[in-house]
Amino acid sequence: MKNIILFDSETRDQLLPLTFTRPVCELRVGILTIREKWERVFRSKASFITQDYLGDKYPIAIGTDNYIINGSVLPTDALCREIDGLQNNEAILCKGDLIAARLNHAQFMNLMGEKDIDEIEGNEIEKPDFLKISHLWDIFKFNDAAIKSDFELLTAGRESQALSASNQVIGDLSQIFLEEGARVEGAILNTMSGPIYIGKDAEIMEGSLVRGSFALCEHSTLKMGAKIYGGTTIGPHSKVGGEVNNAVIIGYSNKAHDGFLGASVIGEWCNMGADTNTSNLKNNYEEVKLWDYSKQAFRKTGVQFLGLIMGDHSKCGINTMFNTGTVVGVSANLFGPGMPRNFIPSFSWGSTAGYVTYKLEKAFETAQRVMERRNIDLSAEDREILKHVYDQTAAFRTWENTVVK
């Protein structure tokens with residue numbers, strides 16, 4: 001059994017606000033998170049090299065023989081063989097980026113202490129076959145391929161639970177997999193473009209229209225009459241209705257009512273009010289610009305379809321309309337008419353009429369109530385993480401002298 005340590009590279013800053021509250025490897029791409037993929041292929045438990053303030057919740061476990069792997073990389077058979085073949089003090093590189101290395105305890109401690117280490121031999125991969133999440137839009141852009149890969153990984157040699165005769169299947173029934181306790185009634189399931197995975201105790205309600213590739217993770221619900229297009233993942237303990245196209249909900253979040261969500265990524269503990277809609281294509285069909293935290297400015301993305309990026313614990317009220325390429329930070333609360341601006345800082349409270357700061361203790365109270373509904377406590381580690389994000393993002397809240405009473 002390998003001691004796997006997944007590390008954050010400089011890519012982490014390109015994945016904010018989602019990585020304010022988690023290491024890169026905890027992002028969900030496909031059915032599984034990146035960490036879960038590595039743990040399954042190597043049948044080992046992974047630990048983390050991440051930001052110091054995340055360390056209590058995501059600790060590191062150092063062994064005598066350590067395989068450190070880039071947490072933004074999705075595993076493939078070929079890459080796993082390369083990692084299996086690593087000798088001590090060998091590394092795998094791709095276009096100058098460190099992909100993986102094997103280090104003994106002394107070498108690893110020197111590396112972490114920024115001390116000199118013995119020369120490491122680097123093996124360059126000329127033609128990589130793996131996917132690497134380098135930008136926020138890569139999450140939904142690569143999601144179709146990742147669902148297909150995870151589907152093979154999770155279902156190989158296993159038999160699906162029976163699919164009720166009340167459903168209509170278009171395509172190959174073998175491309176639909178129901179885990180134990182999954183329920184599907186009166187739905188139309190189309191696997192012509194990709195598989196459909198329904199997790200443990202998840203439910204697709206009657207009248208839903210689903211095109212693969214699609215993943216509904218454990219304990220999640222697809223509401224009546226939902227319309228789901230391919231390349232979509234709904235993470236665990238979530239409720240989703242309306243129309244969704246090529247979007248990823250990491251988990252524990254709700255978009256339970258009508259409205260459109262496309263080319264988007266939603267964090268954990270988010271809630272989207274009834275008839276919330278996102279634009280994912282500009283009227284002039286030009287490439288979308290997106291807020292870049294590292295540059296503190298909007299940057300070109302090179303993509304034409306890009307909707308909403310929403311950080312953990314953020315909420316929006318009914319009839320909210322998000323413009324193309326909108327970034328909402330952590331623990332923001334939005335409501336009211338009109339389109340919010342394309343960048344909403346963390347711990348914002350308000351509407352197009354103006355914003356004030358969402359007081360930290362009030363944010364804690366809301367988070368606690370929301371998490372209690374899933375029988376989860378807002379831990380001391382969670383509070384420290386949110387406090388750090390609150391402090392770290394203060395500069396973006398230009399109205400900082402005003403607070404919610």
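The values are calculated or read from the model by the stated rules, or taken from the named source; none is laboratory data. Computed from a predicted structure; not experimentally measured. No Cβ is skipped: glycine too gets one built from the backbone with ideal geometry, and neighbour counts run over all protein chains shown.
Anything in region 178-192 that is in a loop (DSSP other than H, G, I, E, B) and of a type outside the set (Gly, Ala, Ser)? List them, or say none.
Within region 178-192, 179, 180, 185, 191, 192 meet the criteria.
All of 162, 156 fail the test of being surrounded by fewer than 12 Cβ atoms within 10 Å (Cβ to Cβ), more than 29 Å from the chain's Cα centre (by Cα) and of a type outside the set (D, E, K, R), apart from 162. Within region 15-30, is even one residue assigned to a loop (DSSP other than H, G, I, E, B), among the basic types (Lys, Arg) and out of contact with any Asp or Glu (no Cβ under 9 Å at 6 or more places or on another chain)? Checked region 15-30: no residue is assigned to a loop (DSSP other than H, G, I, E, B), among the basic types (Lys, Arg) and out of contact with any Asp or Glu (no Cβ under 9 Å at 6 or more places or on another chain). Scanning region 267-288 for residues that are of a type in the set (A, V, I, L, M, F, W, C), surrounded by 18 or more Cβ atoms within 10 Å (Cβ to Cβ) and within 14 Å of residue 242 (Cα to Cα) gives a single hit, 272.
A count restricted to region 217-250 and to residues that are hydrophobic (A, V, I, L, M, F, W, C) and either touching a Pro at 6+ places or on another chain (Cβ under 6 Å) or in a loop (DSSP other than H, G, I, E, B) (or both) stands at 4. Among residues of region 1-14 being under 17 Å from the mean Cα position of the chain (by Cα) and not in a helix (DSSP H, G or I), the one that is modelled with the lowest pLDDT is 9.
For region 361-405, which residues satisfy the criterion of being in contact (Cβ under 8 Å) with a residue 12 or more places away in the chain and under 22 Å from residue 336 (Cα atoms)? Listed by number, the residues that qualify are 362, 363, 366, 367, 370, 396, 397, 399, 400, 402, 403, 404.
Among the residues of region 215-257, count how many are closer than 20 Å to residue 35 by Cα and aromatic (Phe, Trp, Tyr). Final tally of qualifying residues: 1. Taken together, 294, 346 contain a single residue that is surrounded by 17 or more Cβ atoms within 10 Å (Cβ to Cβ) and polar (S, T, N, Q), which is 346.
Condition first: more than 20 Å from the chain's Cα centre (by Cα) and either modelled with pLDDT under 95 or in a loop (DSSP other than H, G, I, E, B) (or both). Can you find one or more residues in region 47-54 that meet it? Checked region 47-54: no residue is more than 20 Å from the chain's Cα centre (by Cα) and either modelled with pLDDT under 95 or in a loop (DSSP other than H, G, I, E, B) (or both).
Can you tell me which residue among 320, 324, 366, 357 is touching an Asp or Glu at 6+ places or on another chain (Cβ under 7 Å) and either within 22 Å of residue 291 (Cα to Cα) or not assigned by TED's automatic domain parsing to the domain that holds residue 21 (or both)?
357
Contact annotation: residue pairs with Cβ atoms under 6 Å, 6 or more positions apart or on different chains, pairing a residue in region 161-189 that is under 14 Å from residue 212 (Cβ atoms) with a partner that is among the hydrophobic types (A, V, I, L, M, F, W, C) and loosely packed, with under 13 Cβ neighbours inside 10 Å, are 171/192. The listed residues are 188, 198, 133, 139, and the only one of them that is within 22 Å of residue 260 (Cβ to Cβ), β-branched (Val, Ile, Thr) and buried (at least 22 other Cβ atoms within 10 Å of the Cβ) turns out to be 139. Based on what the data block shows, is residue 66 over 19 Å from the mean Cα position of the chain (by Cα) and assigned to a loop (DSSP other than H, G, I, E, B)? For residue 66, the condition - over 19 Å from the mean Cα position of the chain (by Cα) and assigned to a loop (DSSP other than H, G, I, E, B) - is not met.
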